[in-house]
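Asks: Pasting a structure below so you can have a look.
The values are calculated or read from the model by the stated rules, or taken from the named source; none is laboratory data. In this text the structure is predicted, and so the values were computed from the model without any measurement. Here the Cβ is made from the backbone with ideal geometry for all residues, glycine too, and neighbour counts use every protein chain on show. Heavy atoms of the whole protein, side chains included, go into the accessibility calculation; ligands, DNA and RNA do not. Shrake-Rupley method; radii C 1.70, N 1.55, O 1.52, S 1.80 Å.
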There are 2 protein chains.
Amino acid sequence: MECCYWASSLMQLPFSKPFATNKIYYCPPKTFWRVHKSKRFISSRPLRCQKMYVPGFGEASPEAKAAMNLQNFFNYVAVRIVLAQLESYNPEAHEELMEFVSSHSLNNADEFLKQMMRQSPGLKTLALRILEVRSAYTKRDFEWENLKKLSFKMVDNANTKLMRDYVLETSHVEDAK
Amino acid sequence: MECCYWASSLMQLPFSKPFATNKIYYCPPKTFWRVHKSKRFISSRPLRCQKMYVPGFGEASPEAKAAMNLQNFFNYVAVRIVLAQLESYNPEAHEELMEFVSSHSLNNADEFLKQMMRQSPGLKTLALRILEVRSAYTKRDFEWENLKKLSFKMVDNANTKLMRDYVLETSHVEDAK
């Protein structure tokens, strides 16, 4: 079974295409100049449009791209969950699904399920179960807040490590473990 | 430039390995049997451990796996942001970065930056800029709540489409557009 399912759609990112804005950040004008009712003086406030310009995602936003690839990931997780459930109470179905999984790529979740639904009545039932499980996993079990926290932590750790390694390498200082 | 950077680590998922629990869901025993102070009767309450068993992620959780791959994605976004910024005010640096990007894979974000920092003084400065941008993008610009909402919507839409297509195909009913 191939597991590089997150790659498929990102492979198509048009890096060399002319850049196109994917978001419009609206700044309400009321925050710029404000007239106070009682004192009638004019105060200026700084604009709060501080988002960076992300080019090249065409019509989709980076969030949509990430969600699309997360969906393939959730499908993969759902297949694993169903396999684990079947293993204990339905070895035949487990074997059938295992066989299908080993001969079909999970890169494209929907294509995988489409083929599975048309393979045999047994696999169709399992495909419906996977649909159910991936929806439940996405909405209930996956820890979104944890994902965010881990991402923040990972980017800090990776940045620190990269800079530290570079400094150690270029200053010829022994790494005091 | 290769863009299938989310794939690298997921390629290593040990699908055929024996399953291993990656989470332990603790159910406090007090919710199972409760003795009321005043009336002294015993009531039973249902267990609330309803998370599904996700096997096969080894020591990492699915959230950590997703975060790891999101990090490569954020790195890719940061490279795009810096390229767009350079395009307008520093064409030489833009060209240098473009050249580096076209000859190095972005599949592994940290390896990409490590090599970039050691390539030339100009690229080292740009690599530091990318470190800064990817951290700022992850923490400030990326819309996490939107990612969650889009994922919920996508899984519903994809499930409905798959079932609808199957029913239309098997019942031989024309799709009344």
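Asks: Look at B:Lys39 and say whether it is farther than 28 Å from A:Lys139 by Cα and either open to solvent by 20 Å² or more (accessible area, probe 1.4 Å) or at pLDDT 85 or above (or both).
Replies: Details: farther than 28 Å from A:Lys139 by Cα: yes; either open to solvent by 20 Å² or more (accessible area, probe 1.4 Å) or at pLDDT 85 or above (or both): yes.
Taking the combined requirement at face value, the residue satisfies it.
Asks: What pairs come up if the first residue lies in segment B:139-152 and is within 7 Å of chain A (Cβ to nearest Cβ) and of a type in the set (Gly, Ala, Ser), the second is surrounded by 15 or more Cβ atoms within 10 Å (Cβ to Cβ) and in a helix (DSSP H, G or I), and their beta carbons are under 7 Å apart, counting only those six or more places apart or on different chains?
Replies: Within 7 Å, the pairs are B:Ser151/A:Ala67; B:Ser151/A:Leu70; B:Ser151/A:Gln71; B:Ser151/A:Thr138.
Asks: For residues that are in contact with a helix residue (DSSP H, G or I) (Cβ under 9 Å, 6 or more places away or on another chain) and over 16 Å from B:Val82 (Cα atoms), scanning just segment B:118-138, find the one that is farthest from the other protein chains (Cβ to nearest Cβ).
Replies: Looking only at segment B:118-138, we keep the residues that are in contact with a helix residue (DSSP H, G or I) (Cβ under 9 Å, 6 or more places away or on another chain), and these are B:118-120, B:122-138.
Retained after the next criterion (residues that are over 16 Å from B:Val82 (Cα atoms)): B:118-120.
Working: B:Arg118: 8, B:Gln119: 12, B:Ser120: 13 Å.
Here the answer is B:Ser120.
Asks: Within segment A:51-63, take every residue that is open to solvent by 20 Å² or more (accessible area, probe 1.4 Å) and out of contact with any Lys or Arg (no Cβ under 8 Å at 6 or more places or on another chain) and give me the one that is farthest from the other protein chains (Cβ to nearest Cβ).
Replies: Among those residues, the one meeting the criterion is A:Glu59.
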